[in-house]
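Below is one structure; the comments refer to it alone.
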């Protein structure tokens with residue numbers, strides 16, 4: 001009896017500690033929200049919650065320290081997304097947006113995926129400027145245009161933007177010069193973006209070792225993304241790197257940059273080009289043995305709306321990443337093309353993805369070649385302005401040479417079915 | 001239009017009235033819709049002042065209507081029928097203002113007391129463009145898609161003017177003096193080509209606003 005009580009007390013203490021730590025996180029989170037919204041009676045609060053039932057592939061996911069490139073490892077019901085977006089104006093043209101997320105998958109379950117302050121002065125000039133600072137996404141995706149950088153098209157996002165969501169974020173400043181076409185009586189609008197940032201040095205780790213993946217899990221402010229314990233990566237006589245990455249670290253003090261341009265023909269056709277370089281020093285390594293990866297890429301995204309209901313969009317990403325003294329050097333290429341059609345309250349989207357990572361480095365025992373292609377078909381139906389249901393089927397064929405170091409088959413076929421209930425407000 | 005009918009009915013007890021139609025053609029003989037046509041009487045005493053509230057709505061991230069004509073001293077309400085926020089502004093001398101339009105929150109109406117055009121923009125959605133045109137008469141309207149407008153006016157002397165953001169002709173050159181009931185059909189032909197038509201911005205809207 002005494003022992004039970006002891007056990008109970010220990011469990012209770014453990015639980016209490018856990019509850020307290022969650023409670024503290026929640027407290028800080030809500031305190032911050034309150035501080036932000038104080039004196040701002042009309043702060044806008046948007047939210048999205050997605051609950052799913054997934055029929056998972058048999059190859060377990062990187063979230064379970066395995067080598068599958070889909071998010072789920074078991075047939076199960078899950079909280080797929082839960083986010084709150086809070087925004088308001090401090091003053092004319094000065095506004096903030098904070099997106100807080102809960103994720104069931106992954107290491108950090110509660111946190112911030114975006115937080116930024118923007119200044120866009122009122123202007124009737126033909127040429128205008130705006131700026132933002134904080135922790136945000138470069139606007140290189142035409143896929144992630146829903147609240148909280150979600151995709152309104154498919155649940156499983158393209159390989160390109162799955163990677164952007166898990167490893168890339170701008171902790172810095174962005175300045176934009178732009179000219180709305182309508183202010184010039186022209187069908188063409190344009191924008192130029194330039195940004196300086198820090199704290200994205202490990203960018204490239206995941207696609208080098210795990211390869212591209214397809215999912216909708218965005219990394220949070222202090223997140224850690226796991227992957228399989230590849231011997232060539234984790235062994236002390238090999239690269240000696242942990243079997244995870246914490247993407248938002250500053251390791252070398254270098255300032256990264258990106259440049260981007262958007263060109264739009266009316267609201268009908270859009271082109272976005274970005275050049276991104278995190279300027280990381282590939283020899284910089286933290287005590288945790290996380291490396292800075294010098295990652296550079298070009299991203300080109302296009303979209304054309306045939307009418308209000310049908311659109312085609314796509315994106316191509318090509319670049320390279322190096323860590324250490326060419327311990328790992330990869331060239332990567334990924335693209336997708338998607339057709340999406342809306343009929344009344346139904347939206348059907350079909351996407352084709354192709355992705356490839358090719359290595360050219362000094363360690364033959366750390367094979368980094370990977371590639372794959374996949375199809376994603378989603379149907380989403382708005383029951384009303386708050387509720388939506390949807391189903392999605394994804395299939396892919398992918399290969400990663402590094403699986404051989406774990407005694408797994410290099411090339412596998414994967415598939416995943418999702419049924420999703422969404423509530424938004 | 002109901003407004004004009006009421007005004008007309010009120011004044012028709014004492015004054016004879018006359019139906020007058022205006023048609024406007026571009027330089028290339030095309031019809032032009034949404035042209036504000038207004039008749040300012042020489043005799044301004046006793047003119048009716050509307051007390052109705054005018055509406056400039058935001059629907060699918062566009063101003064609706066694209067052009068709103070109002071009589072001087074009319075109040076305009078700016079509802080927001082979208083599920084997202086707007087930040088409407090004007091730098092026009094006739095009315096300079098800015099309004100934060102939160103979803104599901106009503107902003108106070110604004111009074112438009114100065115004559116002329118007020119160009120509206122939205123600081124969040126840069127493609128949004130709308131106009132409020134303020135006139136000093138209760139006798140006004142907009143041309144239909146065939147470029148025509150028909151109004152009932154009390155007999156008397158008037159100055160007829162037109163306005164549209166795409167008209168490049170000097171507006172005073174399009175102005176006419178007329179006496180009713182002597183004239184009933186007026187044709188206006190523009191001499192200069194129109195400014196480019198960029199109303200295709202209104203054709204393809206997007207339910208998704210871009211991420212920030």
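Any read-out appearing in this document is the output of simple, stated calculations on the displayed coordinates, not a laboratory observation. Just so it is clear, the structure is predicted and the values come from calculations on it, not from any experiment. Reconstructed Cβ throughout: ideal geometry from the backbone, glycine too, with neighbour counts over all protein chains shown.
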statement: From the Cα centre of the range B:79-114 to that of the range A:90-108, the distance in Å is 27
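Enter the mean number of other protein chain beta carbons within 10 Å of the beta carbon of each residue in A:300-307, as an integer. Present the calculation step by step, with values, prior to reporting the outcome.
Details: counts 0, 0, 0, 1, 0, 4, 1, 2.
Rounded to a whole number, the mean comes out at 1.
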query: Mean separation of Cα pairs under 8 Å and 6+ residues apart, divided by the residue count of chain A: what relative contact order is that in percent?
result: 13
- request: With springs only between Cα atoms under 10 Å apart, run a GNM on chain A and tell me which of A:182, A:130, A:294 wobbles the most.
  value: A:182
- line: Out of A:214, A:86, A:70, a Gaussian network model of chain A with alpha-carbon springs under 10 Å gives the largest mean-square fluctuation to A:86
task: Counting helices only, and only those DSSP H runs with n ≥ 4, report the 222 nm mean residue ellipticity of the protein assembly as shown as the sum of -39,500 (n - 2.57) divided by its residues, in deg cm²/dmol to the nearest 500.
output: -3500 deg cm²/dmol
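Ranked by Cβ crowding within 10 angstrom, fewest neighbours first, how are A:379, B:127 ordered?
On the way: A:379 14, B:127 20.
Sorted ascending by nearby Cβ count, the order is A:379, B:127.
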- line: Put in order of increasing Cβ neighbours within 10 Å, starting from the fewest, A:143, B:19 give B:19, A:143
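May I ask you to derive the relative contact order of the range B:48-136, considering only C-alpha pairs under 8 Å and at least 6 residues apart, and to give it as an integer percent?
Numbers: 218 pairs, mean separation 28.3, N = 89.
Across the range B:48-136, relative contact order equals 32 percent.
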query: With contacts defined as alpha carbon pairs under 8 Å and 6 or more residues apart, what's the relative contact order of chain B in percent?
result: 31
statement: By Cβ neighbour count within 10 Å, fewest first, B:39, A:363, B:78 rank A:363, B:78, B:39
Overall Cα dimensions of chain B, principal axis frame, Å, largest first: 60, 39, 26
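Take the Cβ-Cβ distance between residue A:119 and residue A:289 as r, set R0 to 51 Å, and report the resulting FRET efficiency rounded to the nearest 0.05.
Numbers: r = 39 Å, r/R0 = 0.77.
That pair, residue A:119 with residue A:289, gives E of 0.80.
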field: All-pairs alpha carbon distance profile, the range B:64-175, 10 Å steps from 0, percent
entry: 12, 41, 31, 13, 2
- prompt: Taking the radius of gyration and the Kirkwood hydrodynamic radius from Cα positions alone, what is the Rg/Rh ratio for chain A, to two decimal places?
  reply: 0.97
field: Of A:272, A:217, A:289, the one that fluctuates the most in a GNM where chain A has Cα springs shorter than 10 Å
entry: A:289
field: Rounded Å value of the spacing that divides the Cα centres of the range A:246-297 and the range A:153-223
entry: 9
